[in-house]
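Working notes for the structure below.
Nothing in this text is a laboratory measurement; each read-out follows from the coordinates by a stated rule. Note that the structure is predicted; figures quoted are calculated from it, not measured. Neighbour counts are summed over all protein chains in view; Cβ atoms, including those assigned to glycine, are modelled from backbone coordinates with ideal geometry.
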Amino acid sequence: MRDDLVLSAGDRPDVKQPASGGDGPLLRFFLILITWFFLSIIVLLPLGVVFAEAFARGSSVFLSSLVSRDTLYALGLTLTVTAFVVPANMIFGLSAAWALTKFDFPGKPILLTLIDLPFAVSPVVAGYVLVLVFGPSGWLGPVLSELGVKVLFSTPGIVLATIFVTFPMIARPLIALMESQGCEDEETALSLGAGGLRTFLTVTLPNVRWALLYGGLLCTARSFGEFGAVSVVSGHIRGLTNTMPLHVEALYNDNKVAAAFAVASLLASLAVITLIFKFVLERRLPDGVQGPERLR
Amino acid sequence: MNLQASPSLRSAGRPRRSMPGFGLSLGYSTVYLSFVVLLPMAALAASAARLDFEGWIKVLSDDRVISALKLSFGSALFAACVNLVFGPVCAYALVHFRFPGRRALDALVDIPFALPTAVAGIALASLYAPSGPMGKAILELFGVQVGYTPLGVTLALIFVGLPFAVRTLQPVLRDLDGEAELAAALLGADRPRIWRRVIIPSLAPAMVTAFALSFARGAGEYGSVIFIAGNFPRLSEIAPLLIIIRLEENNYAGASAIAVVMLLVSLSCLVLINLFQALIRRRLGYA
């Protein structure tokens, strides 16, 4: 039923170039030159230097920094954190999108604003507010430490900080897509006698699968790379609370530049792979659903 | 299917209480948001409320705090301005022209968004440090030091804000699709006039959004900046770093005050663009 949406997304205007023959060849050449120059200096150069520096001391240094104990630990911790963050945000995203797009209720704008809030908050502030809640003199810190639960300077704190900065990345595309799809499919299923859960699993979930995957991809990428918020709550304990980006920082500050760039190149490769998948997924989504950098 | 163009969906078929799961989905979302967002934000408000008026004055009149806030907001403002010039140029060229490397450049625009900030940070630092290849060249050619100065901070924030500037404008430029331009040309307008009266006005709302997003993101940025900034107090120390320093000194009041100021500025920024967009939408008649 929704295939028309998907198809119309497939031939997005990327493919058919608008005829803009209006600009003179000189202006055209000039604008293209500026674009090449600006993007090369600002984006291509830093990306290139990551890989150049990673292999600057030869591939043996590169490999030994990747398989060092601290790096492997950081990788494991980052994977663990991501494994908690992404499913939690997916469940929240589906739930929030269902509530916001299938019903009308007072306070809807408040809920939407709360979902947008993390985009306005500096990652450092995001980490800091968690310290205020879970720190030794915070609201929940003393209670939890008496129960033997350690949040700050350990994995739960890192998970919470990452959730704070990433949850809109899954919720927003889902809300946008479900808003555009309306309720007709679900109403049909319900009137044919399907239960609520069955309708959700067999109608809604397949309808939004690409948006869910898209948000999950962006959320995974950010979970791997989140630095500011995690930096505040982790306490920088090497081999214990250092995630991959914190490990890069630690190596760089220790003047182990080649090792820092070796780990950084791994993260940069993941970023490039993420972008390729993002590009593929965006062709399956209607306009207006993609990009957390875009406001509604 | 453009969401902005289909607000009729919003009002059509609405009281929908026949759908199941209202209590469960709204309840779960509210609890999740309360725990993840509201509780920490309330803790910040409570912590800031402990400061009386004089306390605020004392924290915010510290010249180290003032220069950190000035640096973060000033360089974010400057970077947003640079992106406001180059963002539209890049977006226009990427949408309207076919040229070698167009697809690759288009993909590159997303890199600052996807690349972990710490990775971007060390890359920029090693390029633009006085001993780095770019830093050295610029120092010798122009006598200007980039790394470990406010200029370096601004450069990092240009990098960070770029995707916001380009990606906000691209869909608007695609929707222009030459028809209005063609109509203007047929009515006898020359090219500069078409730029002035057709292309730039239709870009203006998106440009405001691009500017605000780029600014709000830049002001709070931490990872890409701290390596290239050098972090000299009163010279190149950004506000988010000062929050961390105050926290490490156990000075919660000082940290909260800076955090609240930063939060208020970015929030009002986002509220303003939302209002502005609503206004534009109403004036264009598809509210």
**Q.** Within straight-line cross-link reach of A:LYS102, aspartates and glutamates at Cα separation under 14 Å, skipping those fewer than 8 residues along the same chain
**A.** A:GLU179, A:GLU184, A:ASP185, A:GLU186, A:GLU187
Q: Before anything else, pin down the relative contact order of chain A: Cα pairs under 8 Å, at least 6 apart, normalised by residue count, whole percent.
A: 32 percent
Q) With no solvent and one point per C-alpha, what does the Debye sum give as log10 I(q)/I(0) for the stretch A:51-204 at q = 0.09, 0.11, 0.16 Å⁻¹? A) -0.49, -0.68, -1.01
Q) When Cβ neighbours within 10 Å are restricted to other protein chains, what is their mean count per residue of peptide A:229-239? A) 2
Q: Starting from the Cα coordinates of the protein assembly as shown, work out the convex hull volume and express it per residue in Å³.
A: 167 Å³
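Filter chain B for me: DSSP H helices, axial length by Cα at least 24 angstrom, mean Kyte-Doolittle hydropathy not below -1.0. List them by residue number.
What comes out of the filter, once short or polar helices are dropped, is B:63-96, B:150-176, B:200-220, B:252-284.
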Q. Say R0 is 41 Å: what FRET efficiency, to the nearest 0.05, do A:LEU140 and A:LEU72 get from their beta-carbon distance?
A. 0.80
(Q) Run the simple label-point estimate for B:ARG64 and B:ALA185 please: 7 Å along Cα→C-beta, distance reported in nm. (A) 6.1 nm
Q) GNM, chain A, Cα, under 10 Å: largest mean-square fluctuation among A:LEU130, A:LEU44, A:LEU174? A) A:LEU44
Q: List the trypsin sites (Lys or Arg not before Pro) within the stretch B:157-250 that fall in a DSSP loop (any state other than H, G, I, E or B) and whose Cβ has at most 15 other Cβ atoms within 10 Å.
A: B:ARG234
Q) If the cut-off is 27 Å between C-alpha atoms, which lysines fall inside it for B:LYS58, apart from same-chain ones fewer than 8 positions away? A) B:LYS70
Q) With chain A treated as a Gaussian network of Cα nodes joined by springs under 10 Å, which of A:ASP254, A:ASP116, A:ASP23 yields the largest mean-square fluctuation? A) A:ASP23
Q: Report, as an integer, the average count of C-beta atoms from other chains found within 10 Å of each Cβ along B:272-278.
A: 1
Q.
So for each of B:93-103, A:235-245 I average, over its residues, the number of other beta carbons within 10 Å; can you give me the resulting order with the highest mean first?
A. A:235-245, B:93-103
(Q) I'd like to verify something in chain A: which complete DSSP H helices, judged by Cα projection on the helix axis, reach 20 Å or more and average at least -0.5 on the Kyte-Doolittle scale? (A) A:25-39, A:69-102, A:155-181, A:209-225, A:257-282
Q: Summarise the partner chain shielding of B:90-99 as one whole number: the mean count of Cβ atoms from other chains within 10 Å of each residue's Cβ.
A: 6
**Q.** Most mobile listed residue (A:ALA229, A:ALA52, A:ALA260) in chain A, GNM with C-alpha springs under 10 Å
**A.** A:ALA52
Q | Within straight-line cross-link reach of B:LYS136, lysines at Cα separation under 17 Å, skipping those fewer than 8 residues along the same chain | A | none
Q. Which whole-percent values make up P(r) of the stretch A:142-271 when all C-alpha to C-alpha distances are grouped in 10 Å steps starting at zero?
A. 12, 27, 24, 19, 13, 4, 1
Q) Mind listing the Cα extents of chain B along all three principal axes, in Å, largest one first? A) 65, 65, 32
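Given that compact globular proteins tend to follow 2.2 N^0.38 Å, what is the ratio of the alpha-carbon Rg of the stretch A:161-202 to that value?
In units of the globular-protein estimate, the stretch A:161-202 measures up at 1.55.
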